[in-house]
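Colleague: Dropping the structure in here first, questions after.
The values are calculated or read from the model by the stated rules, or taken from the named source; none is laboratory data. The structure displayed is predicted, hence computed values, not measured ones. Positions of Cβ are backbone-derived with ideal geometry, glycine not excepted, and every protein chain shown enters the neighbour counts. These area figures cover heavy atoms from the full protein model, side chains too; ligands, DNA and RNA do not enter into them. Shrake-Rupley method; radii C 1.70, N 1.55, O 1.52, S 1.80 Å.
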Amino acid sequence: MKNFLRLFLLCIPLLLLTSCFDILDKVNIKADGTGEYTIILNASKSKTRLASISKMETINGKKVPKKAEIEKKINEAAAIFKGTSGISNVKTSVDLENYIIKLSCNFKKIENINAGLEKLKAQKILGKMVPTQVYSQNLEKKTLARNKVNTFKEDYDKMSKADKEVFNDAKYTSIMQFENAVKSQTNNTYVLSPNKKAIKLEADILDLILQKKQIQNTILFQ
């Protein structure tokens, strides 16, 4: 559970040693179901602290990963995504001066992202509790779903006070952009743009862990 960032694709242990990090999860979907997926892990607000931590061997009993280890993990994830059917144009950007990490790719259908996550789990880049069937789409019914994520409250309750503090100021943002206009959605926590072609969810990661805010949503297009 202490590696909760794995839920959002990549496990970067160094970022989990600070509570000031942001996750941006972005999907851009065309009318035919193809699109682009991007995830950005941003800990730039804590770069001074992280720079100091990176020089240490351990902190709070945990091994501090070196920059080479982080880059290796990113490259492993990218290689797995490149080898996933329906996924192409995989790109990564690693800025370990400002601690901003980005992975993006194109997909033929949104379920290809699920398959990529399954492969990451099989290679133990993702933890066993991480959900992989995140998205589903039905072009005929004009629907797109973000599937329900299980609660991690029991795991969180078992964490030490120091580990819990990691999530105090951590933020998550989901942006979904569409070629077709949205007719309705089941989760109004997502803010609909004026042109009805994008929705946005902003939440504290702790609220997601405790399910005070829900990620799941079913979108119906016009």
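Colleague: Can you confirm whether Val134 is open to solvent by less than 50 Å² (accessible area, probe 1.4 Å) and at pLDDT 80 or above?
Modeller: So Val134 fits the description; yes.
Colleague: Can you name every residue in the stretch 167-188 that is at pLDDT below 85 and open to solvent by less than 20 Å² (accessible area, probe 1.4 Å)?
Modeller: Of everything in the stretch 167-188, those that are at pLDDT below 85 and open to solvent by less than 20 Å² (accessible area, probe 1.4 Å) turn out to be Phe167, Ala170.
Colleague: Let me ask something else about it. Restricting attention to the stretch 137-149, which residues are modelled with pLDDT of 80 or more and aliphatic (A, V, I, L, M)?
Modeller: Within the stretch 137-149, Leu139, Leu144, Ala145 qualify.
Colleague: Then there's this: Can you name the condition, by its number, that Thr132 falls short on among (1) under 23 Å from Ile209 (Cβ atoms); (2) among the polar types (S, T, N, Q); (3) out of contact with any helix residue (DSSP H, G or I) (no Cβ under 8 Å at 6 or more places or on another chain)?
Modeller: (3) is the only condition that Thr132 fails.
Colleague: Still on this model: Among the numbered criteria (1) in a strand (DSSP E or B); (2) out of contact with any helix residue (DSSP H, G or I) (no Cβ under 7 Å at 6 or more places or on another chain), which single criterion is violated by Tyr172?
Modeller: Condition not satisfied by Tyr172: (2).
Colleague: Here's a follow-up. Scanning for something at pLDDT 85 or above and in a strand (DSSP E or B), does the stretch 59-68 turn up at least one residue?
Modeller: No; the residues of the stretch 59-68 include none that is at pLDDT 85 or above and in a strand (DSSP E or B).
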